[in-house]
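Novice: Below is the structure I would like to discuss, written out as structure tokens.
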Amino acid sequence: MKQILKLFPEVVYTKILDVDIKPYIDPLKELVWNDSGHLNNRLTVSSASQDLYIFENPTFKPLGDVIMNEFNLFKDDVLNYDANDFIFTTSWGTRTEPLQDSEWHNHHNCLYSGIFYMQVAKDTGNLLLQDFNKKNLSLTPSSYNEYNSVSWQIEPQEKMLVLFPSHLYHKIGRNMNKAIARYSIAFNFMPIGDMGKGDSKLVLDL
């Protein structure tokens, strides 16, 4: 009998949420934004809001509650982390103007991260995910799937929620749409309460 085990996978979760985003679009655009970065004399890097805790803002808190409820379903029903509650550690807006993208990065001091897409259109830039672990050999498969891929792309849609492990490297793809800036909200999660056991036990109360 043949059995294929998906051992030690990187679990990425996507879902289109049933939520009205209209009340949040203008307040998101009106946030104070950090200046975009430059690389090789090109205005290239997408902007982040100066406010890193927007889900604590009464305007955005209802949206944060919807996202946290969905994350709780994911962590309880998929990951079986139902013994711990999670909190947002940070939450911020991202803006990607035409011809902008971001650098490869991951997130520290958190366990899971997420993105919620507010304004996207065709060619405004995919979410790129990458496994940078070194491999002894690099083979080219006849077709790519989740077993043999070291990179993956997700095409954003309005109201799409994406959840992924915080250590997973990712970037915003180039916005090739000449007319529309891409807006999203990013956030990080951290578990609280009792974790581990024995000499590795930790009680975290944030």
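Novice: Report the charge-dipole magnitude of the chain in Debye, nearest 20, computed about the Cα centre from +1 at each Lys and Arg Cβ and -1 at each Asp and Glu Cβ.
Specialist: 800
Novice: Please give the peptides 135-144, 194-203, 148-157, 109-118 ranked by average Cβ packing (other Cβ atoms within 10 Å per residue), highest first, as a rough proxy for protection.
Specialist: Highest-to-lowest ranking by the protection proxy: 109-118, 148-157, 194-203, 135-144.
Novice: Right, here's the next one. Please check: in the Gaussian network model of the chain (C-alpha springs, under 10 Å), which one of ASN145, ASN80, ASN69 has the largest mean-square fluctuation.
Specialist: ASN145
Novice: OK, next. Per DSSP H run of at least 4 residues, take -39500 (n - 2.57); add these up for the chain, divide by its residues and hand me the 222 nm value, nearest 500 deg cm²/dmol.
Specialist: When only DSSP H runs of four or more count, the value is -4000 deg cm²/dmol.
Novice: Give me the extension gain from LEU137 to LYS197: residue separation times 0.36 nm, minus the current Cα-Cα distance, reported in nm with one decimal.
Specialist: 17.8 nm
Novice: Further question: Output ³J(HN,Hα) for the range 196-206: one whole-Hz value per residue in order, computed from phi by the Karplus curve 6.51 cos²θ - 1.76 cosθ + 1.60 with θ = phi - 60°, and x for Gly and Pro.
Specialist: My calculation for the range 196-206 gives x, 7, x, 6, 10, 6, 9, 10, 10, 10, 9 Hz in order.
Novice: What are the semi-axes of the equivalent ellipsoid of the range 55-102, taken as the square roots of 5 times the eigenvalues of the Cα gyration tensor, listed largest first and rounded to whole Å?
Specialist: Equivalent ellipsoid of the range 55-102: 27, 15, 9 Å, largest first.
Novice: Within 10 Å of each candidate Cβ there may be at most 13 other Cβ atoms; applying that plus a DSSP loop requirement, which GluC sites (Glu not before Pro) in the range 52-135 survive?
Specialist: Counting only loop positions with at most 13 other Cβ atoms within 10 Å, the GluC sites (Glu not before Pro) in the range 52-135 are GLU103.
Novice: Any idea what % of Cα-Cα pairs in the range 150-204 are farther than 16 Å?
Specialist: 64
Novice: Here is a further query. Calculated FRET efficiency, TYR53 and LYS6, Cβ-Cβ r, R0 35 Å, to nearest 0.05?
Specialist: That pair, TYR53 with LYS6, gives E of 0.45.
Novice: I need the Kirkwood Rh of the range 1-102: take the reciprocal of the average 1/r across all distinct C-alpha pairs and report it in angstrom.
Specialist: 16.7
Novice: Two decimals is fine: what is log10 I(q)/I(0) at q = 0.10, 0.11, 0.13 Å⁻¹ for the chain, from a Debye sum with one equal scatterer on every Cα and no solvent?
Specialist: Here the Debye-derived log intensity ratios amount to -0.48, -0.58, -0.80.
Novice: Report the calculated FRET efficiency for LYS178 and LEU206 (r = Cβ-Cβ distance, R0 = 30 Å), to the nearest 0.05.
Specialist: About 0.10, to the nearest 0.05.
Novice: Apply the Karplus curve 6.51 cos²θ - 1.76 cosθ + 1.60, θ = phi - 60°, to the phi angles in the range 74-83 and return the couplings in whole Hz, x for Gly and Pro.
Specialist: Whole-Hz 3J(HN,Hα) from phi for the range 74-83: 5, 6, 7, 8, 9, 8, 6, 8, 6, 7.
Novice: At a 10 angstrom cut-off on C-beta neighbours, averaged per residue, how do the peptides 22-32, 169-179 rank from highest to lowest?
Specialist: Listed from highest to lowest mean packing, they are 169-179, 22-32.
Novice: Projected onto the charge dipole of the chain (+1 at Lys/Arg Cβ, -1 at Asp/Glu Cβ, origin at the Cα centre), which of ILE115, ILE16, ASN148 gives the Cα projection farthest towards the positive end?
Specialist: It is ASN148.
Novice: If you don't mind, another one. For the range 1-101, build the charge dipole from Cβ charges (+1 Lys, Arg; -1 Asp, Glu) around the Cα centre, then report which of LEU28, SER46, LEU73 sits farthest towards its positive end.
Specialist: So the residue we want is SER46.
Novice: For the chain, what is the relative contact order in percent, using Cα pairs closer than 8 Å and at least 6 residues apart in sequence?
Specialist: Across the chain, relative contact order equals 29 percent.
Every read-out reported here was derived from the displayed coordinates using simple, explicitly stated rules and does not represent laboratory data. Treat the numbers as computed from the prediction; the structure is a model and nothing was measured. For neighbour counting, all protein chains shown are included, and Cβ atoms are generated from backbone atoms with ideal geometry for every residue, glycine included.
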